[in-house]
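The values are calculated or read from the model by the stated rules, or taken from the named source; none is laboratory data. As the structure is a computational prediction, the values presented were derived from the model and not from experiment. We place every Cβ from the backbone using ideal geometry, glycine too, and count neighbours over all the protein chains shown. Heads up: the accessible areas ignore ligands, DNA and RNA and are worked out on the full protein's heavy atoms, side chains in. Shrake-Rupley method; radii C 1.70, N 1.55, O 1.52, S 1.80 Å.
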Amino acid sequence: MRLTLFATARDAADSLARHVVAFVREKPDLVLGLPTGRTPIRFYRELVRQARAGAVDLGRLVTFNLDEFLGVGPRHRGSYRFYMERHFFRQIGLPGDRANFLDGMASDPRGECERYERAIAAFGGIDIQILGIGGNGHIGFNEPGSWLEVRTHIVELRPETRRANALLFDGDPVRVPREALSMGVGTILGARRILMLATGKEKARAVAKMVRGPLTTDVPASLLQLHADVEVLLDAAAASRLDRA
Ligand code: F6R
C-alpha cells in the first residue's frame with residue numbers, strides 16, 4: 001500500500017484526477033470503478049474541467065459504480081445514480097450504455113448483483129477502482145462485521161452510515177434506506193489497480209487502521225493490504241493518526 005500525502009483535500013483530489021487523466025490517455029476505453037460521497041466531488045469536478053479543456057477524451061470510458069441504495073430509483077435525488085449524473089456523466093456526456101450501475105429498484109436484487117458481476121467480467125474486469133473510505137472503515141458499502149461477502153451483494157447499512165448519508169434524504173437518517181447493493185470486497189480486490197482518496201480528520205482513525213492492520217472484517221478497508229497495487233491519496237487531516245502507536 002503506497003501512501004501519498006497532500007497538504008489539502010483539494011490537492012489530493014486534483015492529483016487523483018491527474019492520475020486518471022494519464023491512465024485514460026494510455027487506454028481510452030479504461031474500465032473505471034467509481035465511488036460517490038462527499039470526498040470525490042472535487043475529483044469529478046477537476047476531471048470534468050480537464051475533459052472540457054480538451055486535455056483528455058472521457059467519451060470511451062466504461063464505468064461501474066460501487067454501490068446503490070436499495071428501493072431508490074435513478075431519478076431520486078438521494079440515489080447514487082442521480083449523484084453520478086449530476087457530478088460527472090451529464091457533465092462529460094458519457095453515453096448511457098457505458099456507465100454501469102446497480103439498479104436499486106431491481107425486482108430481484110440478488111439476481112441484479114449476479115448480473116453486475118457478469119457485466120464486470122464481460123468488460124474484462126476493472127482496470128482502476130477509485131475508492132473512498134467510511135469513518136467506520138467501510139469500502140463500497142462493505143460494513144464492519146464478523147464476516148463479509150466476497151462478491152456483489154445486498155448489505156444492511158449501519159446506523160453511522162445512514163447518518164453519514166442523511167443529507168441525500170432531506171437530512172433525515174430515518175429516510176436513508178436500510179439496505180443497499182454493493183460490490184463485495186472480492187470484487188474490489190479484483191481490480192487491477194486501486195486508488196483511494198481519503199480526506200478530513202473524521203477519516204484519520206479508519207485510515208490508520210487500514211494501513212497498520214491487522215487484517216480484519218471489522219475494518220473492511222484493512223483487506224486492501226492483500227492487493228499488490230493500492231495507492232492512498234491523503235490530506236494532512238486524514239493522515240494525522242498514522243504516526244501514533
Ligand atoms: C460510496 C462509497 C462509500 C464512500 C464512503 C465515504 O459510493 O463507496 O464507501 O466512499 O462512505 O463517503 P464520503 O466521501 O461521503 O465521506
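Using Cβ point charges alone (K and R +1, D and E -1), the dipole size of the range 118-245 about the Cα centre works out to roughly 160 debye. Taking a Cβ cut-off of under 10 Å around D235, the surrounding Lys, Arg, Asp and Glu residues balance to a net charge of +2, with basic ones at +1 and acidic ones at -1.
Working note: 222 nm ellipticity from helices only, DSSP H runs with n ≥ 4, each -39,500 (n - 2.57), summed and divided by the residues of the chain, gives -8000 deg cm²/dmol to the nearest 500.
Kindly identify the chain as rounded, prolate or oblate by the Cα gyration tensor criterion: order the square roots of the eigenvalues as a ≥ b ≥ c, call it rounded if a/c is under 1.5, otherwise compare a/b with b/c, prolate if a/b is larger, else oblate. Cα axes put the chain in the rounded bin. Heavy-atom accessible surface of the chain, averaged per residue, reaches 46 Å², computed with a 1.4 Å probe. With Cα atoms as the point set, the range 68-184 shows a radius of gyration and Dmax of 14.2, 42 Å. Here the chain has 49 percent of its accessible surface on carbon and sulfur atoms, given a 1.4 Å probe and all protein chains in place. Relative protection proxy for 32-41, 212-221, 132-141, from highest mean packing down: 132-141, 32-41, 212-221 (other beta-carbon atoms within 10 angstrom). If the chain between R110 and L5 were fully stretched, how many nm would it gain, using 0.36 nm times the residue separation less the Cα-Cα distance? Net length gain for the segment: 33.9 nm. Three semi-axes describe the equivalent ellipsoid of the range 46-88; taken as square roots of 5 times the Cα gyration tensor eigenvalues and ordered largest first, they are 25, 11, 7 Å. Based on Cα contacts under 8 Å between residues 6+ apart, the range 2-244 shows a relative contact order of 24 percent. Rounded to the nearest 5, the antiparallel percentage of DSSP beta bridges internal to the range 1-157 is 10%.
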